Amino acid sequence: MKLSMVGTGYVGLVTGVCLANTGNHVTCLDVDPKKIEMLRKGKSPIYEPGLDDLLEHNIKAGRLVFSTDAWEAHRDADMIFICVGTPSDDRGHTDLRYIDAAADAIADVLLKLGPSQRAKVVVVKSTVPVGTTFRVRDRIRARVGPAIPFGVADNPEFLKEGAAIEDFNKPDRVVVGVENEAVGELMRDLYDPFVRNGHPIYVMDVLSAEMVKYASNAMLACKISFINEMANLCEAYGADVAKVREGMCADRRIGNQFLYPGLGYGGSCFPKDTLACIMMGEMKGVPTPVNKAVHDLNQAQRDRFFAKILRHFGGKEMAGGLSGKKLAFWGIAFKPRTDDIREAPAVTLMRKAKGYGATIAAFDPVANENGRRELGSAASILDDQYEVLKDADALVICTDWDEFKSPDFARVAALMKGRVIFDGRNLYRRQHLSELGFHYYSVGRAAVTPK
């Protein structure tokens, strides 16, 4: 098939590259000429394991091209995938301006082609509030009139940053929302190469497909906030959340995925999608107390962890409470295997620490450049994980990158002014850190002092 992707972020670029890799001809469209030029040279603007090799391979094969011209991208496409961002505004409501702009540009191409064209299918792949695919349909129809044929579908993505290529190529399931069987069959044909592992393609109505995405992410966000709430209770009563989790997750009805205590969720999906569920409830007068609690607990988890830092140094919750202290941060990205720092706990904690008068140094294996752009002069971001420790009063661990899991503790101790570690990802054994002479704070476990 001939396909076009509107947007070259995580979803659009990964989708375009993987679909090209199965023999489709894909044009990726973006309004940013610098990004398009970079992609034409085979360089990805995002960090995603495995993406660069597939990008280069499919460009050389002539199946993957990039453009800033909507006419060039959509003119010959059988399917047009809308993969643009749907950020939350200041109220937590979903901003659909990029969806609307994509729909208008598609309508202009359809108008130019005229009524004799073969019907294209416009596929909304962005995560959108329920009813948005019909909004796209109606917006295009209002501009092109009744004579020009086209169809619509919703095809939510379920890609984990850091494992997006694997997730796309071997999906647990593919979900498609359609208005008619013919579009459903086209979508089955497109995704058939990816489900030969026996996993299903679910073809359903459009509104249900849109809701599947939100229900899935809301459930995963709920699991993260739930285990953090249990971790807080463990700390209060002296229990060990690692042992509690082990006993709890042995129950097959519960399982163990997404039940890891820490600093809470971040990134581009869970925070935005939880707020979107709350927004959709408000619009229809349907209470969403569970989603509200999940969101509030997630935000409070960062404050709770930061309070440990303040208490250790005797800093009161007031400006200047950490004056004269240097905090070294390991990890800026919201999770490992990505350079995405959107809603990252590390960014929140660094800004809070800076606001209390601390000096900040930070390191991340792949997110340093994004961190520099986001934080500016608020943090000194260095390219060596040990260099940031020089004369630091404490180390704060925010991302569970593999290179942080077995550090040279003797070197850590020698470089730091104080032997204090605040571990937001529970990477180390408490007894071991105590024996090495560290004050060690984690999540859901009692703090330990040097032996």
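The values are calculated or read from the model by the stated rules, or taken from the named source; none is laboratory data. Being a predicted model, the structure only gives us computed values, none of them experimental. Note that we place each Cβ from the backbone using ideal geometry, even for glycine, and neighbour counts take in every protein chain shown.
Step by step: first the residues of region 142-177, then only those that are of a type in the set (Val, Ile, Thr) and under 21 Å from the mean Cα position of the chain (by Cα), then the one that is farthest from Val212 (Cα to Cα). Which residue is that?
Out of the qualifying residues, it is Ile165.
Applying the criterion of at least 2 residues that are within 28 Å of Asn298 (Cβ to Cβ) and in the same structural domain as Gly314 (by TED's automatic domain parsing) to the helices (runs of 4 or more DSSP H) found wholly in region 345-451 leaves 345-355, 368-375, 430-435.
Could you grab me the full set of residues in region 79-100 that are assigned to a loop (DSSP other than H, G, I, E, B) and not hydroxyl-bearing (Ser, Thr, Tyr)?
To start, the set of residues in region 79-100 that are assigned to a loop (DSSP other than H, G, I, E, B) comprises 83-87, 89-93, 95-96.
Scanning region 79-100 gives Cys83, Val84, Gly85, Pro87, Asp89, Asp90, Arg91, Gly92, His93, Asp95, Leu96.
Screening Glu210 with (1) touching a residue at least 12 places away in the same chain (Cβ under 8 Å); (2) of a type in the set (Asp, Glu); (3) surrounded by fewer than 20 Cβ atoms within 10 Å (Cβ to Cβ) gives one miss only, at (3). The residues of region 100-138 that are crowded, with 16+ Cβ neighbours inside 10 Å and over 14 Å from Ile80 (Cβ atoms), listed by number, are Thr127, Val128, Pro129, Val130, Thr132, Phe134, Arg135. Of all the numbered requirements in (1) surrounded by 19 or more Cβ atoms within 10 Å (Cβ to Cβ); (2) closer than 27 Å to Leu233 by Cα, Ala300 misses one, and that requirement is (1).
Within region 10-26, residues that are at negative phi reach partners that are acidic (Asp, Glu) and part of a helix (DSSP H, G or I) with beta carbons closer than 9 Å, at six or more positions or on different chains, in the pairs Val14/Asp167.
Annotation: of all residues in region 63-89 being at pLDDT 95 or above and of a type in the set (D, E, K, R), the one that is nearest to Pro129 (Cα to Cα) is Asp78. Selection of region 321-350 for residues being more than 17 Å from Tyr47 (Cα to Cα), β-branched (Val, Ile, Thr) and touching a residue at least 40 places away in the same chain (Cβ under 8 Å) yields only Thr348. Only one of the numbered conditions (1) crowded, with 17+ Cβ neighbours inside 10 Å; (2) assigned to a loop (DSSP other than H, G, I, E, B) is not met by Arg245, and that is (2). Note on region 248-283: residues that are under 20 Å from the mean Cα position of the chain (by Cα), part of a helix (DSSP H, G or I) and among the small types (Gly, Ala, Ser) amount to 1.
Quick check on region 386-401: of everything there that is under 21 Å from Arg337 (Cβ atoms) and crowded, with 20+ Cβ neighbours inside 10 Å, which residue is farthest from the chain's Cα centre (by Cα)? Out of the qualifying residues, it is Val388. Kindly evaluate Asp192 against the criterion of being under 17 Å from Leu96 (Cβ atoms) and surrounded by fewer than 17 Cβ atoms within 10 Å (Cβ to Cβ). Answer is no for this residue.
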